[in-house]
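J.: I am attaching a structure below and will ask some questions about it afterwards.
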Amino acid sequence: MNMVDPQLAPLSNDIKNDVKIDIKDNQFLKDVLQGLSQTNKTLPCKYFYDEKGSQLFEQICELDEYYVTDTEIKLLQNNMSDIAKFIQPNCNIIEPGSGAGIKIQLLLSALDQPKSFTALEISPSALKYSVATIKKKYPALEVNGLLGDFTDQENINKIKGSQGNNNLVFFPGSTIGNFEVDQAITVLKNLSSLAGDGQILIGVDLIKPLNTMLEAYNDKKGITAAFNKNLLHRINSELNGQIEVEQNFKHQSIFNAEKSRIEMHLISKQDHSIKVNGVDFHFKEGESVHTENSHKYSTTSFERLANLAGLKIKQSWYAPNKAFVLFLLEK
């Protein structure tokens with residue numbers, strides 16, 4: 001029987017494509033206006049993931065250039081029996097930013113009678129799909145879904161209040177790399193809070209040859225560019241935006257060696273102005289909107305980050321040539 005915690009997963013009420021949020025109370029709007037008002041303009045990467053953005057990201061994950069997904073899946077497949085030895089039976093699995101739920105199926109199939117799975121996802125379509133898929137494939141598993149942002153403390157508290165202490169938090173995809181150091185420490189502390197006395201299994205992308213990293217975020221088919229620019233299309237459709245996206249912006253990814261990260265930007269092709277819900281913003285030719293970071297770590301730099309969050313590395317599994325790593329963390 002699939003039991004769904006009503007506090008976590010009133011999916012039929014929460015996930016409706018026709019629900020419109022009052023724009024005056026729209027956090028998306030507030031974050032966009034704040035980001036574009038800065039001297040160095042930014043937009044939060046969490047807003048990539050509307051239905052179209054989620055579809056584009058799934059396409060990115062299938063690209064030859066985007067090594068992250070394929071490398072991590074193979075790493076999970078090759079080491080899952082060993083990983084399972086470190087996980088207690090009957091655990092509650094929590095996946096913040098669960099996406100389409102592909103990697104979690106490898107984990108669920110290997111573990112000893114997992115008790116429950118809770119998905120926390122910002123994209124309604126991705127959450128709907130993953131919850132339905134997991135329920136169908138694992139009918140004896142208690143499946144919960146929460147629509148929301150895993151950086152929102154209220155969502156962390158909702159999940160924490162509904163689970164026991166025998167928890168495994170699954171955080172793949174090197175999503176931790178999207179955050180600045182202080183933000184990453186906060187995220188790790190939140191994951192630790194969700195884990196309770198349990199553990200965190202986290203995927204981390206490691207530093208590798210420059211061309212490999214750059215090609216992963218500048219693919220030849222232009223799907224990453226479409227993914228990046230879709231954020232502007234979403235502003236047009238949801239926030240009364242007046243932006244000539246293709247005419248005035250181009251995608252660019254660079255490697256910031258000082259901060260050891262790939263940065264994604266939207267670059268203004270010419271001097272122009274846009275409107276967002278009636279607010280004007282002016283752009284000079286060559287001006288950037290910084291949309292995403294993907295930090296690349298060494299084992300030492302990530303271990304230092306984990307320690308600052310009160311965590312230690314219990315075990316690690318490396319891909320060939322140390323291109324990627326899965327760390328098992330505990331307090």
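J.: Search the stretch 273-307 for residues being of a type in the set (A, V, I, L, M) and out of contact with any Lys or Arg (no Cβ under 9 Å at 6 or more places or on another chain), and hand back the single one that is nearest to Phe86 (Cα to Cα).
T.: Leu305
J.: I want to confirm something. Restricting to the stretch 141-155 and keeping residues that are without any contact (Cβ under 8 Å) to a residue 60 or more places away in the chain and not charged (D, E, K, R), which single residue is farthest from Glu121 (Cα to Cα)? Spell out the reasoning first.
T.: First, pick out the residues of the stretch 141-155 that are without any contact (Cβ under 8 Å) to a residue 60 or more places away in the chain: 148, 150, 152-155.
Those still in the list that are not charged (D, E, K, R) too: 148, 150, 153, 155.
Values: Gly148: 6, Phe150: 7, Gln153: 14, Asn155: 10 Å.
If we take residues in the stretch 141-155 being without any contact (Cβ under 8 Å) to a residue 60 or more places away in the chain and not charged (D, E, K, R), then Gln153 is farthest from Glu121 (Cα to Cα).
J.: Return a yes/no flag: does the stretch 225-242 have any residue that is more than 17 Å from His295 (Cβ to Cβ), part of a helix (DSSP H, G or I) and among the hydroxyl-bearing types (Ser, Thr, Tyr).
T.: Within the stretch 225-242, the first condition is being more than 17 Å from His295 (Cβ to Cβ), and the residues that meet it are 225-242.
With part of a helix (DSSP H, G or I) added as a condition, the list becomes 225-238.
Filter again for among the hydroxyl-bearing types (Ser, Thr, Tyr), leaving 237.
Looking through the stretch 225-242, at least one residue is more than 17 Å from His295 (Cβ to Cβ), part of a helix (DSSP H, G or I) and among the hydroxyl-bearing types (Ser, Thr, Tyr).
J.: Exactly one condition in (1) crowded, with 18+ Cβ neighbours inside 10 Å; (2) within 26 Å of Asp197 (Cα to Cα) is false for Gln113; which is it?
T.: (1)
Here is a yes/no grid of residues against (1) closer than 20 Å to Leu305 by Cα; (2) out of contact with any helix residue (DSSP H, G or I) (no Cβ under 6 Å at 6 or more places or on another chain); (3) modelled with pLDDT under 95:
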residue: Gly148; (1), (2), (3): no, no, yes
residue: Gln199; (1), (2), (3): yes, yes, no
residue: Ile202; (1), (2), (3): yes, yes, no
residue: Thr212; (1), (2), (3): no, yes, no
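J.: Every residue in the stretch 38-64 that is exposed (fewer than 15 other Cβ atoms within 10 Å of the Cβ) and assigned to a loop (DSSP other than H, G, I, E, B), please.
T.: Scanning the stretch 38-64 gives Gln38, Thr39, Asn40, Glu62, Asp64.
J.: Out of the stretch 65-104, which residues are assigned to a helix (DSSP H, G or I), in contact with a strand residue (DSSP E or B) (Cβ under 8 Å, 6 or more places away or on another chain) and among the charged types (D, E, K, R)?
T.: Across the stretch 65-104, the qualifying residues are Glu72, Asp82, Lys103.
J.: What strands (runs of 3 or more DSSP E), lying completely within the stretch 105-214, carry at least 2 residues that are in contact with an Asp or Glu (Cβ under 9 Å, 6 or more places away or on another chain) and more than 27 Å from Gln315 (Cα to Cα)?
T.: 142-147
J.: Being within 22 Å of the chain's Cα centre (by Cα) and aromatic (Phe, Trp, Tyr) is the filter here; which residues of the stretch 59-116 pass it?
T.: Within the stretch 59-116, Tyr66, Tyr67 qualify.
J.: All but one of (1) surrounded by 16 or more Cβ atoms within 10 Å (Cβ to Cβ); (2) not in a helix (DSSP H, G or I) hold for Lys314; state the number of the condition that does not hold.
T.: Tallying (1) surrounded by 16 or more Cβ atoms within 10 Å (Cβ to Cβ); (2) not in a helix (DSSP H, G or I), Lys314 fails exactly one: (1).
J.: Have a look at Ser237, Ser260 and point out the one that is surrounded by fewer than 19 Cβ atoms within 10 Å (Cβ to Cβ), over 30 Å from Leu75 (Cα atoms) and not assigned by TED's automatic domain parsing to the domain that holds Asp152. It would help to see each step written out before you state the result.
T.: Numbers: Ser260 fails: over 30 Å from Leu75 (Cα atoms).
The match here is Ser237.
J.: Sticking with this one: Of the residues in the stretch 120-142, how many are surrounded by 24 or more Cβ atoms within 10 Å (Cβ to Cβ), in contact with a Ser or Thr (Cβ under 8 Å, 6 or more places away or on another chain) and more than 23 Å from Asn26 (Cα to Cα)?
T.: Of the residues in the stretch 120-142, 1 are surrounded by 24 or more Cβ atoms within 10 Å (Cβ to Cβ), in contact with a Ser or Thr (Cβ under 8 Å, 6 or more places away or on another chain) and more than 23 Å from Asn26 (Cα to Cα).
J.: Let me ask something additional. Hey, could you check the stretch 240-257 for residues that are of a type in the set (S, T, N, Q) and touching a His at 6+ places or on another chain (Cβ under 9 Å) and say which is surrounded by the most Cβ atoms within 10 Å (Cβ to Cβ)?
T.: Ser253
J.: May I ask you to list pairs of residues, at least six apart or on different chains, whose Cβ atoms are under 9 Å apart, with the first in the stretch 54-81 being within 16 Å of Asn321 (Cβ to Cβ) and the second being assigned to a helix (DSSP H, G or I) and small (Gly, Ala, Ser)?
T.: Tyr67/Ala216; Val68/Ala216
J.: Turning to a different aspect of this structure: If a residue has to be among the β-branched types (Val, Ile, Thr) and surrounded by fewer than 20 Cβ atoms within 10 Å (Cβ to Cβ) to count, how many in the stretch 149-174 make the cut?
T.: Number satisfying all stated conditions: 1.
The values are calculated or read from the model by the stated rules, or taken from the named source; none is laboratory data. Not measured: the values here are computed from a predicted model. Neighbour counts run over all protein chains shown; Cβ positions are idealised from the backbone, glycine included.
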